[in-house]
Amino acid sequence: VLAGEGVTYIVNADGSDERQLFSDGDSPGPGLSPDGSEIAIFCCSNGMVVHLLDPDTGDLREFPPPDPTVDTPCGMAWSPDGTRLACEGFGVDDTNRNGIYSIRTSDGGGLSRITSFSGGYDSPGDYSPAGDRLVFVRFPDDGRAGIFVADLSGNEIDRISPPGVVVDDLFGGSWSPTDDRILFVASDTEEHHKAIWVVNADGSAPHRLQIASGCGGPLSDPDSFGCYSPSWSPDGEWIVFVRSAPDGSEENLWI
């Protein structure tokens, strides 16, 4: 699944049979369910509620807000068993309600809080394969974003991105199917393109992937590119990612 110009498409792994799935307006941030039966999208002039799209029929399910005091845009982070979606949470009148929540995918109910962060916002990235932890990006109002891992109670939260790098606050991380590594996106400095990093799930050995396509080089280098939005293959041996042209004028999928 990919989002091009805010529109959701589906494509085979070899790049063939690309087709648009939703034609009634923008639908960014698609997230495919573990069994492939539904795709969570943001659409319909209301990103604060959940929309689930059937890729075969085009049928759309829309859930009502689970709590009127909290805006809960939910999208890409499906639990491994497909029964829950993780959501950003923003208190309508109280920033103490900010954090990550999850809901049931059957009916949009069962709102459950995972993290709490009144000093900014948390955005979910991916569940661990066992479904007991979540990687997410935390973006404080007064500092740089960081990548963190939390258990589902929110009682144990650990930072796994190294200090100094400029973390992409639009991508919350992708957990490997083998449970031992996490992908995230960061720039070396503000003067560099985005690059793809990998870190052990316990936060050790973070490093930038040396991708031959020139990802993450200086903005001043005409041969460097931005690389972002990575995702693992089911066997954990490959990743798919988006690569932009040096001037940002073109984006393509790469593996």
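Odds and ends about this structure:
- Flag for residue 37 being closer than 24 Å to residue 230 by Cα, at pLDDT 90 or above, open to solvent by 30 Å² or more (accessible area, probe 1.4 Å) and of a type outside the set (Val, Ile, Thr): yes
- Only a single criterion out of (1) in contact with a Ser or Thr (Cβ under 9 Å, 6 or more places away or on another chain); (2) over 15 Å from residue 101 (Cα atoms) is not satisfied by residue 144, namely (1).
- Residue in region 193-201 that is among the hydrophobic types (A, V, I, L, M, F, W, C), at pLDDT below 90 and part of a loop (DSSP other than H, G, I, E, B) present: no
- Restricted to region 146-177, and to residues there that are of a type in the set (A, V, I, L, M, F, W, C) and not in a loop (DSSP other than H, G, I, E, B), the residue that is most open to solvent (accessible area, probe 1.4 Å) is 157.
- Count of region 219-231 residues which are under 17 Å from the mean Cα position of the chain (by Cα), open to solvent by 40 Å² or more (accessible area, probe 1.4 Å) and farther than 14 Å from residue 172 by Cβ: 0
- With respect to the conditions (1) part of a strand (DSSP E or B); (2) at pLDDT 90 or above, residue 243 falls short on a single one, namely (2).
The values are calculated or read from the model by the stated rules, or taken from the named source; none is laboratory data. This is a predicted model, so every value here is computed, not measured. Counting neighbours? That spans all protein chains shown, and the Cβs are built from the backbone with ideal geometry, glycine included. To get the accessible areas, we keep the full protein, side chains included, count just its heavy atoms, and leave off ligands, DNA and RNA. Shrake-Rupley method; radii C 1.70, N 1.55, O 1.52, S 1.80 Å.
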